[in-house]
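What follows is a single structure, written as structure tokens, with notes after it.
The values are calculated or read from the model by the stated rules, or taken from the named source; none is laboratory data. Source: prediction; values computed, not measured. Because the Cβ atoms are built from the backbone with ideal geometry, glycine has one as well, and the counts that use them run over all protein chains shown. When the accessible area is computed, the model is the full protein with side chains, heavy atoms only, and any ligands, DNA or RNA have been set aside. Shrake-Rupley method; radii C 1.70, N 1.55, O 1.52, S 1.80 Å.
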Amino acid sequence: MLGGGVAGLTAAMELAERGFEVTVVEPAGWGGKARSAWVPGTGRGGRFDLPSEHGFRFFPGFYRSLPDTLRRIPVDGSTEGVARNLREATQMLSARSGRVGERVTDVSAAAGARTPMEFLRSVGLEAGGRRLTSEELLYFANRMLVYMTSSDERRLGQWESTSWWDFAAADGASEEYVKACVVGATRTVVAARAEVCSAHTVGGFLEAFSYGFLGRGEELQPADRVLNGPTSTAWIDPWIRHLASLGVRLELGWGVERLALSGRRVTGAEIRGPRGRRRELEAEWFVCALPVHRVGALLDRGLAEADPELKSVAGLQTDWQPPGQKEGSALRARGAPGSPLPRGGWPSSPGVCRSHRGRARRCMEPRGR
């Protein structure tokens with residue numbers, strides 16, 4: 001397994017549970033971009049150093065595969081596994097720079113079903129509230145209804161090749177409409193650029209997310225959940241211990257440099273580890289769970305010639321959001337005058353604050369995935 005992020009660790013667990021002998025190599029840290037970082041010297045009075053995250057961690061109610069994985073990671077004899085560390089996000093605050101008096105809304109399952117208008121008001125989308133006109137709100141509602149009533153054929157055949165920017169008709173629209181309904185929707189929810197992200201990707205996520213907050217989502221599932229502590233403590237560390245118990249060989253500090261080829265078959269991987277040591281890793285199968293830009297480096301070393309279809313990977317685009325939106329940082333949450341914080345607040349991005357019942361440190365986690 002080349003890569004020890006969430007994708008690589010998931011595949012490793014699935015294979016190990018089916019009797020495969022698995023080795024995972026990871027150059028930086030288990031969990032990849034999902035792992036927590038620790039701010040040296042910030043711990044006081046016996047407390048651990050303060051954590052930071054590469055981006056916020058939230059688990060919508062319509063997620064199925066990931067919660068299933070969490071339930072299968074044992075911790076302290078709990079029948080729920082690591083999934084017991086999930087807490088319902090009971091309140092939501094949609095905030096923007098320069099605004100005060102933003103509304104904190106009860107989005108808990110206990111609040112029951114909500115009307116579409118109540119949901120729109122909770123995220124600040126109401127006529128006059130943010131200088132949006134009634135016509136703009138009606139148009140955006142129409143766009144959502146068009147997507148939600150589209151067949152699978154239209155979603156995949158038309159909206160998949162249409163950007164969210166074009167779908168929502170951002171060109172020529174007011175600055176407020178673009179910020180609230182177009183750019184805000186993509187950066188806050190899917191961490192993508194509206195100009196290039198497909199309408200199917202954004203629309204599908206907003207559809208499922210909206211149903212959850214309307215109280216009409218997955219049965220008996222909260223609309224939104226968060227972890228009750230730093231990601232590494234609540235999820236990644238127990239995962240690594242479980243993989244080790246399954247017999248998975250974990251090689252931290254080692255990264256793949258090149259793949260050895262014989263015709264169209266990968267016969268080995270040259271990996272580089274601590275102090276520049278190199279060695280050859282042999283296996284019957286190799287699973288590449290690396291970021292796209294890392295895969296491109298392997299293609300440059302002859303891999304594309306082994307299978308021409310792999311050349312298309314080099315055409316995939318990656319785009320990192322600007323500093324301050326991308327890199328995580330651990331900060332104390334300070335509310336501006338007149339701006340409330342949700343109870344137990346984990347201010348999770350420049351756009352959205354979520355909270356949960358239970359204890360948690362307060363961290364500010366700028367956007368990035």
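The table below lists the values:
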item: Subset of segment 237-253 [outside any strand (DSSP E or B), hydrophobic (A, V, I, L, M, F, W, C) and either touching a Leu at 6+ places or on another chain (Cβ under 8 Å) or more than 20 Å from Ala16 (Cβ to Cβ) (or both)]; result: Trp239, Ile240, Leu243, Ala244
item: Test: residue in segment 34-53 that is open to solvent by less than 20 Å² (accessible area, probe 1.4 Å), under 30 Å from Arg277 (Cβ atoms) and in contact with a strand residue (DSSP E or B) (Cβ under 7 Å, 6 or more places away or on another chain); result: yes
item: Test: Ala289 is farther than 18 Å from Gly8 by Cα and among the aliphatic types (A, V, I, L, M); result: no
item: Scope segment 246-290; condition open to solvent by less than 50 Å² (accessible area, probe 1.4 Å) and free of Cβ contacts under 8 Å to residues at least 60 places away in the same chain; matching residues; result: Leu259, Ala260, Val266, Gly268, Glu270, Gly273, Pro274, Gly276
item: Residue in segment 54-102 that is surrounded by the fewest Cβ atoms within 10 Å (Cβ to Cβ), counting only those that are under 23 Å from Leu206 (Cβ atoms) and among the aliphatic types (A, V, I, L, M); result: Leu66
item: Number of positions in segment 258-280 that are in contact with a Leu (Cβ under 9 Å, 6 or more places away or on another chain) and over 16 Å from Gly29 (Cα atoms); result: 8
item: Any hit, segment 208-219, residues being at pLDDT 85 or above, touching a helix residue (DSSP H, G or I) at 6+ places or on another chain (Cβ under 8 Å) and surrounded by 18 or more Cβ atoms within 10 Å (Cβ to Cβ); result: no
item: Subset of segment 113-132 [assigned to a loop (DSSP other than H, G, I, E, B) and either touching a strand residue (DSSP E or B) at 6+ places or on another chain (Cβ under 8 Å) or at pLDDT 80 or above (or both)]; result: Val123, Gly124
item: Residue that is farthest from Arg258 (Cα to Cα), among those in segment 269-297 that are in a strand (DSSP E or B) and among the aliphatic types (A, V, I, L, M); result: Leu281
item: Contacts under 6 angstrom Cβ, first residue in segment 199-217 being of a type in the set (A, V, I, L, M, F, W, C), partner modelled with pLDDT of 80 or more and surrounded by fewer than 18 Cβ atoms within 10 Å (Cβ to Cβ), 6 or more apart; result: Ala199/Thr162; Ala208/Phe62
item: Test result for His242, at pLDDT below 95 and either buried (at least 19 other Cβ atoms within 10 Å of the Cβ) or at negative phi (or both); result: no
item: Residues located in segment 6-22, provided they are open to solvent by less than 70 Å² (accessible area, probe 1.4 Å), within 13 Å of Arg249 (Cα to Cα) and assigned to a loop (DSSP other than H, G, I, E, B); result: Val22
item: Filter result (within 24 Å of Tyr211 (Cβ to Cβ), modelled with pLDDT of 75 or more and of a type in the set (A, V, I, L, M, F, W, C)) within segment 64-112; result: Leu66, Leu70, Ala83, Leu86, Ala89, Met92, Leu93, Val104, Val107, Ala109, Ala110, Ala111
item: Every pair of residues 6+ apart whose Cβ atoms lie under 9 Å, when the first sits in segment 33-53 and is in a loop (DSSP other than H, G, I, E, B) while the second is at pLDDT 90 or above and among the charged types (D, E, K, R); result: Val39/Asp49; Pro40/Asp49; Gly41/Asp49; Thr42/Asp49; Gly43/Asp49; Glu53/Arg35
item: Qualifying helices (runs of 4 or more DSSP H) (wholly inside segment 133-204; at least 2 residues being open to solvent by less than 30 Å² (accessible area, probe 1.4 Å) and in contact with a helix residue (DSSP H, G or I) (Cβ under 8 Å, 6 or more places away or on another chain)); result: 134-148, 164-167
item: Qualifying residue in segment 224-238 (condition: buried (at least 17 other Cβ atoms within 10 Å of the Cβ), of a type in the set (Phe, Trp, Tyr) and more than 30 Å from Ser108 (Cα to Cα)); result: no
item: Cβ pairs under 6 Å, 6+ apart, first in segment 171-184 and of a type in the set (Val, Ile, Thr), second assigned to a loop (DSSP other than H, G, I, E, B) and buried (at least 17 other Cβ atoms within 10 Å of the Cβ); result: Val178/Ala170; Val182/Ala168; Val182/Ala170; Val182/Ala194; Val183/Ala194
